[in-house]
1. Between Met530 and Gln460, what is the FRET efficiency for a Förster distance of 22 Å, r being their Cβ-Cβ separation, to the nearest 0.05?
2. Looking at the stretch 827-936, which trypsin sites (Lys or Arg not before Pro) are DSSP coil and have at most 13 other C-beta atoms within 10 Å of their C-beta?
3. So, how do all the Cα-to-Cα distances of the stretch 806-944 break down into 10 Å bins, in percent, from 0 on up?
4. Can you sort Met875, Met993, Met1141 so the residue with the fewest Cβ neighbours within 10 Å comes first?
5. Is the shape of the stretch 732-833 best called rounded, prolate or oblate, per the rule: a/c under 1.5 gives rounded, else a/b larger than b/c gives prolate, else oblate, with a ≥ b ≥ c the square roots of the Cα gyration tensor eigenvalues?
6. Apply the a/c threshold of 1.5 to the C-alpha gyration tensor of the stretch 930-976 and tell me whether it is rounded, prolate or oblate.
7. Determine the relative contact order of the stretch 847-937: mean sequence separation of Cα pairs under 8 Å and six or more apart, normalised by residue count, in whole percent.
8. What is the stretch 493-582's relative contact order, in percent, from Cα pairs under 8 angstrom and six or more apart in sequence?
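Where a number appears in this text, it was derived from the coordinates with a stated rule and is not lab data. Since this is a predicted model, take the numbers as computed values, not measurements. Methodologically, a virtual Cβ is constructed for each residue, glycine included, from the backbone with ideal geometry; neighbour enumeration extends over all protein chains shown.
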Amino acid sequence: MSHQSEATQELLGLSALTPAFNEDDHGVYVREIQSALDGNQIRNIALSGNYGVGKSSILKRIVALNPEKIVEISLSALSPVVPDANSQNGAYSTTNQIQQEIVKQLLYREKPSKTPGSRFRRIQQFQPSVEIPGAMLVGVIISLGLLLSGWSAKIALGLDVTPWGPQLHLAIFAAGSVFTYAARSLVYGRLNIKQLSAGPATVTLDEQSRSYFDQYLDEIFYFFEVSEVSVVVFEDIDRFDDPHIFETLRALNTLLNTPAVNQPVRFIYAMKDSIFERLGESGPGLAGGEHEDEQEAESNQAHREALRANRTKFFDLVIPVVPFITHHNAKNVVVQLLAGPEFDVDEDLIDLVSRHVPDMRLLKNVRNEFLVFRNRILSGAGAQLRITDTELFAMMLYKATHLTDFENIRLGGSALDKLYRKARGLISDGMRAVARESTAASRRLSTIDSIADRSGKLGQDLKLHAQRVARANSWPVDQLQFLQDGVNFPDEDLEKAAFWHGFLSRQDDPSIEARVFYRGSLRGTLTFLMSDLNESFGPFSAEQWKEDDRAACLAQLAALDRDSHFLRGADVHDLCKRPDLSKYLATKGEDVASVARKFLPSTLAFELVRAGHINRNFALCTAIFHGTRVTSAATNFMVHHVQRGRPDIYFQLAADDVEAIIREAGESSLSDPTLYNICLLDHLLSVDAQSANALRMITSMATMESSAASFMQAYISNGKRPAELFGQLANVYEGVFSYLASSSELDDRLRAELCSAALLNLDENIDYTADAHVRRYLNEAYSYISSLTEQAVDSSTARKIAWLFSKAQAKVGLLEPLSAEVTKKFVALSLYEINHANLTIVNDGNPDLALDSLSSSNGAAYKYVLRNLPVYLSMLQEGEYSVSSADAFPSVLLDAGHWEQKVLRHLVQRASKDCIVEDLSIAPPGSLPVLVSEVRCPATLRNVLTYLKHFTEVDDHLAVLLTATGAISVDTEDDVEDIERAALAVLRARDLMPAKLRATIVGGMDIVLSSDELPIENGELFSLLVKHRAVEDGVELYRVLAQADWRTRELYIAQSRVFADYLDPDIVGGDLRDLMRSKIVSFKVKNAVIARADEFSQDAHADSLSAVASYAATVRATLSLDLVLKLPSVTRPSEEFVVLMAPHLNAMTQHQITGALAQLGWPYAALSAVGKDNPVVANTPDNLALLARLQQLNIVSTWKPLGDGVKVFKKRK
């Protein structure tokens, strides 16, 4: 037989709640009451005292001593009465309801047989001793009636039993008696007569009566007349706080003690004194009012107090019962009630009970309920709940004092449930707050900048220190100017980290100067050495500060860890003891104790909770719990959270608790968010992270709904195995890396640890979210992720990790921290940044990072670098080549040929100087401009034609090459047309190369170009081409040059060897003037013109004639007289004409001479005729010859030298 079965067969030893007489405590009161009853004077006796002082025990003893004389009336409750809205007689007042109960209990107290005169008829038990005589009487009546009416004879005749005679009457008697008895037995108690005029069947109040006592006074008198009762004991009459009932009872007692009653009737009342507090609260002149003055108020108050105190008017004897149990001595009573080694109730709880429950009956009831609940709940399998006697007794005390709230525990709606949920919510908030602070502290620990943290205060302290020192020197100060190394700096710089970083990093004993000013006047200069500041402000060392800050961060983290551990296992009473934790809890500044007071219905309940006597196990003390869960924690979790759909992620559970929960809830329920709990998941992961149970919960968390996300963050902060969680989460949740990268609640160390775990468990069938957050995190934190750096990673795992990095487009900055397998996979997928360190590793340690070197050692790296050529080229340092081998240069160009010219130029520029492309036809077309402009190819006709094939003309790139080489090399095997095409292309590049260079290049190509193929341009090109014999010199060329400007033709004429040979007025045309005036045209050409001056002058313009005359005068060439006579008007200066005219003076007539002189202007015009004026002409042979001829013509008389000239004296008439 089980322990529980045995327990049910044992008596629990329950204490009866009925009054128990104790001679020591109650004897004196019994004797006094008995003495009063023995006398004749005392009619109304009051036994006063609080509840639980023993009044009932005393009265029970009185009843036992006088059983026949005493009737007990108990008014523990009043029947509910619905008042009639039309009633005006006060039947529903408390006093009348009490009277009604008293009347009922009195009238129904006596047997109906003893009160035959009563109007009340009550159902009694069927009594054969009474019913048989009655039935026989009816039988006699029936037989006599039939006999007297003659019906007996008729019946005998009809039944043919005439001979029976007397026996017939006896048979009728017997039949009537039996029938009557049977009928009475069948209908007894079943026949209900609703109304009978014989009298009322219920106790009701007529409209004309004011009270039940008035209406039923005759019945009350009749009761005492026919019964032996002379004492009425009223118990619990004070429960209704109606002192006016005592007035009516005293009046009733007075009426009953009239001479009509043969013995005195006494009333004994069990009551409390405080019932009379209500006396004096109303009545005339006592209610007070708005205009009641202070003196009148004091008088009325005194009157009211007198009325309350004068309770003796109701009673003849008042016997006070001295309490034998109070909050001072209740402890001893409780100890006695719980005496026995089998009980282990905490003394603190006993003390608490004694303070709040000084009532013997209630204490006995609490003990009884404790015994019953203890037997039923803690026996058998319930013993493993480990509920203590203290916890159970506290809950029984709560049940006895808060009955409704205790019943509500079953549905989770009690004040304790609400407080429990509030407390768990506060704990959850606190855990999150602690986790946030821990994360922040961890970040501070990894990024300590002690100087930056102190810079503001250091600056302020230094300013205050400088002011104090200045005042100590008796210097008034209203302004400070700070200097370092003689250089002034703004005051605000003193509060900046940059200043103090620089100051503290100096190895010497640096100083800060402070100039003290007052009202604009310099009062002095203070100098503060670092050693001085160290003495004034304490340790002035960045290293010491950092050490102090680190120690403070570690101390804070340790304290936060302790707080987190405390909160996880805390109950309400634990939180009440730690008001310092209110900073973490969402209590709006209140401590938990204040919050608990608001939730709990009484001070007793609060004290029970605050002391921990009522704790999280309170629901386990309310019913028998069946099933496989046997631990209190597991049961609590199921009752408070699982069954009510309120998850508690911080609920503390042990391993056996978790197993019990899984057995009870079922393994399939592990995907339910109500089972989200840190301890539960810890257990699942510790047993087997890859088990089906663990995966059920983890898969549920992967939905990342609000509850799952909250649980995820809480477990990361407080769980024991977050790495195992994320290792398995990587198998079911595509957003695992996005979560890790973007969560702001993780510190860097933990984030790297979790990411490492996830990377070790990648599933290539999952399309992981690899957004910008993931890429940024992997780029920045790869060196801290152990799965990348540990050598134990196998090839398959390394390949998956590289796959994820590739998916996220992430690259590592340095390959050096990575393990060998990871490095190999990352290099294969080009998941690294291009820099010296990485390329050296990729190049098998070879420091030669030229592309041709990479190509030979690692083809994948070579292709990766080519795809990122600009990055590679910007990486190269001084003295490093992009291509070191001339043989490999063309192939590298071919591989990089898709890049834009800017990149290719950089590539070519960083290549070794030996890197030349001899034949451009093998180079990618895009590289040709770079190669020629960087002079990385010879200027051969083949290369030039190759370039022109792709770019049609000489551009600025090819021009660079041609300018650098100054020639295009031509082989004898080269086709003339190719040479001509190249030469013309060169000639057309007039905007890119000077004419001299182009002419030199073309001249060096061993070709003579036809004039009609040449591009027309102004300048010296054609003269240079003629010079280099690169063009046919002749009249055709000059005709082509007619489209150019004179300067072009002038240069050509000056350079031409044959121009004088084909010179002709039609060819020269309008160039005659410029030709004759040119300073570079040869005399040969000009003399050829003079020799044919008459031909050239026929259609020549005046300016052309002037130019011919001027040249002829210069060279003193003799022109024909006809031509000379055309020149006076166009020849300037006039002296040139005199030179041209001199050879013809003797042949010229006076008219020709004077006409010509008249056209020359002053002074020669004055010599054309006689006169009084004396013109002065130059003293030249030609002028003297002219003067001599004019003297012959009688125009000039004489002349004489005058300075450099000759003064002429003319004939007057």
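1. 0.75
2. Loop-located and lightly packed - Lys913.
3. 12, 42, 29, 13, 4, 0
4. Listed from fewest to most nearby Cβ atoms, that is Met875, Met993, Met1141.
5. Details: a/c = 1.45, a/b = 1.28, b/c = 1.13.
It is rounded, given that a/c, with a ≥ b ≥ c, falls under 1.5.
6. oblate
7. About 28 percent, as a whole number.
8. Over the stretch 493-582, the number comes to 15 percent.
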